[in-house]
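> What follows is a structure written as structure tokens; I'll ask about it next.
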Amino acid sequence: MHDKDRLSFEEIFQQNEQRIHYHMHKLGIHDGKGEYYVEGIYAMWMAYKKYDPNKGPLGTYFNYTIRYRLIDMLRKKTKEDHHQQLATQAVSEAADQGYLADSQRIDAPGETDADEAFWNRIRDRLTLNQWKWVQLYIIEDMTLKEIAQQEGVTVEAVKSWGRGVRKKLREDKEALAKLYK
């Protein structure tokens, strides 16, 4: 009889919780919101459920599963941050290239009446879903997953909305210029 048959997940978790912290530390993850820690617990749970003692020690399987789930999450977060930077950069380029009057330049969304006017003009150029992406992802700083859950769609659908926004902001510089004259 192996450990999985004798110990509950709670007991296994208590004995192995430090593995999550170890891998977060080794990967340089600072987890202010606790998202990575929760992902580590989920990885441990999945490893516990799928564990086959004939393939090696449970601890080794935990290490492998936790580490690679955290790496995957880190990659996803990095990619999301990159996409957000691209969208913000497209808006900043519009401002820097003179598409906005000095009084309309924005520092951060939602801080002034000029900012609100800017976002209202952007909204007029976008579909409803593209505007949801701007509002929720850029302005309210929600994750793609949170938006997908809130809107009842897939994460891929939300990503598609963002791609559409970036495409419109990049390709329609002439239209933006007309909007901000």
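Here, each number is a calculation from the coordinates, and none is a lab measurement. Remember, it's a predicted structure, so these values are computed and weren't measured experimentally. Neighbour counts are summed over all protein chains in view; Cβ atoms, including those assigned to glycine, are modelled from backbone coordinates with ideal geometry.
> In nm, what is the difference between 0.36 nm times the number of residues separating GLN15 and ASP31 and their Cα-Cα distance? Can you show the working numbers first?
On the way: separation 16, 0.36 × 16 = 5.76 nm, distance 2.13 nm.
Difference between extended and current length: 3.6 nm.
> Using a simple charge model, +1 on the beta-carbon of Lys and Arg, -1 on the beta-carbon of Asp and Glu, nothing else, what dipole does region 3-74 show about its Cα centre, in debye to the nearest 20?
220
> Taking the Cβ of each residue in ILE41, ILE20, ILE71 as the centre, tally the other Cβ atoms inside 10 Å and list the residues starting with the fewest.
Ascending number of Cβ neighbours within 10 Å: ILE71, ILE41, ILE20.
> Kindly write out, for region 141-157 in residue order, the coupling ³J(HN,Hα) from the Karplus curve 6.51 cos²θ - 1.76 cosθ + 1.60 (θ = phi - 60°), rounded to whole Hz, with x marking Gly and Pro.
Per-residue couplings from phi come out as 6, 7, 7, 4, 5, 4, 5, 4, 5, 4, 8, x, 10, 7, 4, 4, 5 Hz.
> Quick one: the Cα spread of region 3-74 along its three principal axes, in angstroms, biggest first?
Projected onto the principal axes, the Cα atoms of region 3-74 cover 35, 22, 15 Å.
> Further question: Given the pairs LYS55/LYS145; LYS55/LYS79; LYS145/LYS167; LYS26/LYS132; LYS55/LYS77, which span a C-alpha to C-alpha distance of over 25 angstrom in this model? Mind dumping the intermediate values first?
Values: LYS55/LYS145 34 Å; LYS55/LYS79 34 Å; LYS145/LYS167 21 Å; LYS26/LYS132 37 Å; LYS55/LYS77 32 Å.
Beyond 25 Å: LYS55/LYS145; LYS55/LYS79; LYS26/LYS132; LYS55/LYS77.
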